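Asks: One structure coming up, written as structure tokens, with questions to follow.
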Amino acid sequence: MVDAESEAVTSETEAEAPTAKPMSTSIDWVDILATIVMAFAALTTAWSAFQSDQWGDTMSFSLSEAAAARTESTRHFTRGGQLSEVDVSTFIAWLEAAQDELAGGEIDVTDGYVPDPDTSSGFLYERFRPEFRVAMDAWLATRPLINPEAPPTPFAMDEYQVAEESEANRLQQLADEKARQAHAADDNDDKYVLSTILFAGVFLFAGLSTKMRSRMGQNLMLGFSIVLLVSGFVYLLSVPIQV
């Protein structure tokens, strides 16, 4: 009698006990896809950080080169100005001597001026700077002492060039070019920094997709992350690469 009652109780207990659910073997594709998306975002973020650093270095180097070129340009401009003053001073002294000699009949310019070392003008002519003498010879060929149509001074001739000033102009142009390169490098640096912000959004939405309870919420967050990933990748294709 007792055994029968025990068996009845045992049967009722087993009937009331919840049946254990079998372990789910289905694959959560949202988690897998979110992991893949975040992996790509990590790679592109690392690439953006690397390129940002490269462009930052380029900007620094270009600014340094621009500053050095400007310093050298200023030095050459100063030296060129000093040489021009020497040319002007010696020319004025020569002109005064030549006019005095012409008035005194010491030189004859009928066939053009021929420097005579025994005269003051010839003495000064021999001491012209080689650069200035080229312009002086071209000016003298116009017979300025008797030709009113001649250019007023040799400084008005195309032949008058001061190498120091030409070098200063070249260095100034180089400095301007380096400054433009630094500005472009800074812009590219900013673009890569912006791309890291896009990829940070990828991490945010991909991570949220694994925490949402509803399938719709998961798909929505994962969709946002994929859109940002593709947008960031396309954006990177438009930005120059610094190697």
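Each value in this text was obtained by applying a stated rule to the coordinates, not by laboratory testing. All of these numbers come straight from a predicted model, not from anything done at the bench. Please note: Cβ atoms are built from the backbone with ideal geometry, for glycine as well, and neighbour counts cover all protein chains shown.
Asks: Per DSSP helix of 4 or more residues, -39500 (n - 2.57); summed, then divided by the residues of the chain. What does that give at 222 nm, rounded to the nearest 500? Please list the in-between numbers first.
Replies: Working: 6 runs with 177 residues, N = 243.
Mean residue ellipticity at 222 nm (helix-derived): -26500 deg cm²/dmol.
Asks: Further question: Explain nothing, just compute: Karplus ³J(HN,Hα) = 6.51 cos²θ - 1.76 cosθ + 1.60, θ = phi - 60°, for every residue of region 132-142 in order, whole Hz, x for Gly and Pro.
Replies: Coupling constants for region 132-142: 6, 5, 4, 5, 5, 4, 5, 5, 5, 5, 8 Hz.
Asks: Tell me, what ³J(HN,Hα) does each residue in region 43-53 have, in order and in whole Hz, if you take phi through Karplus 6.51 cos²θ - 1.76 cosθ + 1.60 with θ = phi - 60° and put x for Gly and Pro?
Replies: 5, 5, 5, 4, 5, 5, 5, 5, 5, 4, 5
Asks: Same structure, new question: Check residue 119: other-chain or 5+ apart residues with amide H under 5 Å from its amide H, H built from backbone geometry?
Replies: Excluding prolines and chain starts, which carry no amide H, there are no hits.
Asks: Sticking with this structure for a sec: Which residue, 153, 185, 174, has the largest displacement toward the positive end of the dipole of region 145-186 when charges sit on each Cβ (Lys, Arg +1; Asp, Glu -1)?
Replies: Towards the positive end, the residue furthest out is 185.
Asks: Follow-up question, since we're still on this one. Charges only on Cβ, +1 for Lys and Arg, -1 for Asp and Glu: so what's the dipole of the chain about the Cα centre, in debye to the nearest 20?
Replies: 960 debye
Asks: Would you work out which of 229, 162, 89 lies farthest towards the positive end of the dipole of the chain? Charges go on Cβ: Lys and Arg +1, Asp and Glu -1.
Replies: Farthest along the dipole direction, towards plus: 229.
Asks: For the pair residue 129 and residue 28, how long in nm is the line joining their label points, each one 7 Å along Cα→Cβ?
Replies: Using points 7 Å along Cα→Cβ, the separation is 8.2 nm.
Asks: Cα axis of helix 215-237 to longest principal axis of the chain: angle in degrees, 0 to 90, nearest 10?
Replies: So the inclination is approximately 20 degrees.
Asks: Each residue of region 67-82 in turn: what ³J(HN,Hα) in whole Hz from Karplus with 6.51, -1.76, 1.60 and θ = phi - 60°, glycine and Pro shown as x?
Replies: After applying 6.51 cos²θ - 1.76 cosθ + 1.60, I find 5, 5, 5, 5, 5, 5, 4, 4, 5, 5, 4, 5, 5, x, x, 5 Hz.
Asks: Quick one: Cα centre-to-centre distance for region 127-165 and region 186-214, in angstrom?
Replies: 68 Å
Asks: If I model a spin label at residue 36 and residue 190 as a point 7 Å from the Cα along the Cα→Cβ vector, what separation in nanometres do I get?
Replies: Label at residue 36, label at residue 190, 3.7 nm between them.
Asks: Evaluate the charge dipole of region 32-108 about its Cα centre and quote only its size in Debye, nearest 20, assuming +1 on the Cβ of each Lys and Arg and -1 on the Cβ of each Asp and Glu.
Replies: Around 960 debye, computed over region 32-108.
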